[in-house]
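Everything below concerns the one structure shown next.
The values are calculated or read from the model by the stated rules, or taken from the named source; none is laboratory data. Keep in mind the model is a prediction, meaning the values are calculated, not measured. Don't worry about glycine lacking a Cβ; one is built from the backbone with ideal geometry, like all the others, and counts go over all protein chains shown.
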Ligand code: GLA
């Protein structure tokens, strides 16, 4: 056994990483999992402690931070590269470590002197959020071109008892649909080549080990901060563990690296938790909260929106829009967003994208009158834009047909009648910057809904090469430039709903449009998946009309509102058309949201489901006072099939504490109207707090009313300083 074996460890509050540093090789993965004591070290070098199998190479190659093909590693490579067929196999002969923060963040510089490649892998473990950020950088040290076919942002080890991979599928109007596959000896792989984060393949997944649930057990999660093509795979290894890689999917030729040039991967974020999927969600939420670009570093309470889209679609004529604004303000709306339809020639989705100035027939004198009206009502004004797109039927395209991404000789493929601009061309992004800043300089606009309504195809640059990566980087650069020029502007990332939701676009944006589907029942599933990685305060969630435009289903106002209030609340319907009773209820819900938003946003949340069609969400207030305050939103999604209603078990509470519980909502109508029969306990709970023991709420649970299908009940639950007896 070699005594000189070195190990390095990274620690956070609840997780640890241990790497072995054999001389003249890439570091070997020894551990990624729950927190170890500070000086824990492996019993011996790995090769000294694992007896060898039969019929193998005379060289034992374990999983490293950079497994590479061709020199002993038979599994998936973290890097696939060559120089016109030469240097097709990489192997690193040295590794130097540069500590960024002791025991938390390190840059490993790996050198392959034969292939003349340097690979820098940065591992940064946030000590508080428990999220590990990994990125990889390749430097071409030779004087010839290097072609990268695949570069994993990071390679992670998963333990042998990993059992299920949970990932998020879907499509437009149905994002973040949870799917579960059982891990096996076959490679598990997901790829997305749509040129955006996508509706159907979120670059994220959760791995549950045997017995893990929403609330307990060891789970691992990873997310790629990238708004373009991506891929991930999990592969079983012969020692029983798995390797997990995630990175950017590269189109042919996209990874060509000039002599001396550097290639930077997107960042992979990864975390583990012993507290099941909800514990993992807490880590990712906390991490994203450290990164969101709030003005002066602090999030304002999330203002209630009114968005004109489903109320008016393209028919945004000043008088009805002003009337809608007046009605919205009377209900308590705080930000009025003029969606699609306002700009030059935009009367349908077949024309005008690219011509970003007010339509002369709708707004002959510009937007000033409308915006003044909105501002005078006490609301902020926001506007819809889709900067990266152009309709062939537009002034912009007539003047610059060459500005669209295209492949010479091939037909242009439209989607929603539109093409994608090559915004990596400076003249194109300059045009967009000029048009957007002109708008923001002319009018007091506090918010942009930044849309991106199609996948990328024939994404060829001017030089004929693939431009998927260039497009993503140029979009970030444009957003950043606008953010720097207008620092208190808020931006929403929308892409036909949730097609561009990831940690990278959220470096420049403050809200996402979760889905074009605002049917409350569909939304419960979509939001549950969304909340696995993203916190509720950035989740655009609107109260829509009934029947819902995307599903044809109708839900009562209380249910629609109760589903929407947990996120960043908005209203998306023509509120002038509501019945007086619905208007009254809506007003009450908006007021209710304003009272609760400080407790709904910024803290820990737990998503749960109970028997008999109950789904629920518990939100803890962010400031941990002596008494923790919770809001519980419990949703009955279908009619009961039980004679008596099961209770909801609140596992996150402290068994040694007492809790004061009160039933707050539905609001704006008599709570009993959603009940099928009542019991004295709920009568009391509506009027005053009941004190209930934490252990009881954990193990027995909180009783639920016997309720009509599609009803929601909101409870306030406050921890009491008194210990339970
Ligand atoms: C996309 C968005 C919608 C709306 C329309 C406007 O589909 O997701 O919310 O803004 O574009 O065309």
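Points to keep in mind about this one:
- Residue in segment 248-269 that is crowded, with 17+ Cβ neighbours inside 10 Å, touching a residue at least 12 places away in the same chain (Cβ under 8 Å) and over 30 Å from residue 424 (Cα atoms) present: no
- Filter pass, residue 320 being more than 25 Å from residue 572 (Cβ to Cβ), modelled with pLDDT of 95 or more, surrounded by fewer than 16 Cβ atoms within 10 Å (Cβ to Cβ) and out of contact with any strand residue (DSSP E or B) (no Cβ under 7 Å at 6 or more places or on another chain): no
- Within segment 287-308, considering residues that are buried (at least 23 other Cβ atoms within 10 Å of the Cβ) and outside any loop (DSSP other than H, G, I, E, B), the one farthest from the ligand (Cβ to nearest atom): 306
- All positions within segment 90-125 that are in a loop (DSSP other than H, G, I, E, B), farther than 15 Å from residue 137 by Cα and in contact with a strand residue (DSSP E or B) (Cβ under 7 Å, 6 or more places away or on another chain): 91, 93, 103, 104
- The residues on offer are 573, 615, 632, 586, and the sole one that is buried (at least 20 other Cβ atoms within 10 Å of the Cβ) and assigned to a helix (DSSP H, G or I) is 586.
- Residue within segment 503-511 that is at positive phi, within 16 Å of the ligand (Cβ to nearest atom) and at pLDDT 95 or above present: no
- All positions within segment 309-362 that are assigned to a strand (DSSP E or B) and over 31 Å from the mean Cα position of the chain (by Cα): 358
- Boolean, residue 281 is under 15 Å from residue 371 (Cβ atoms) and away from the ligand (no atom under 16 Å from the Cβ): no
- Scanning segment 47-89 for residues that are assigned to a loop (DSSP other than H, G, I, E, B), touching a residue at least 40 places away in the same chain (Cβ under 8 Å) and under 41 Å from the mean Cα position of the chain (by Cα) gives 50, 62, 63, 65, 66, 67, 75, 76, 77, 78, 84, 87.
- Listed conditions (1) touching a strand residue (DSSP E or B) at 6+ places or on another chain (Cβ under 7 Å); (2) in a loop (DSSP other than H, G, I, E, B) are all met by residue 542, apart from (2).
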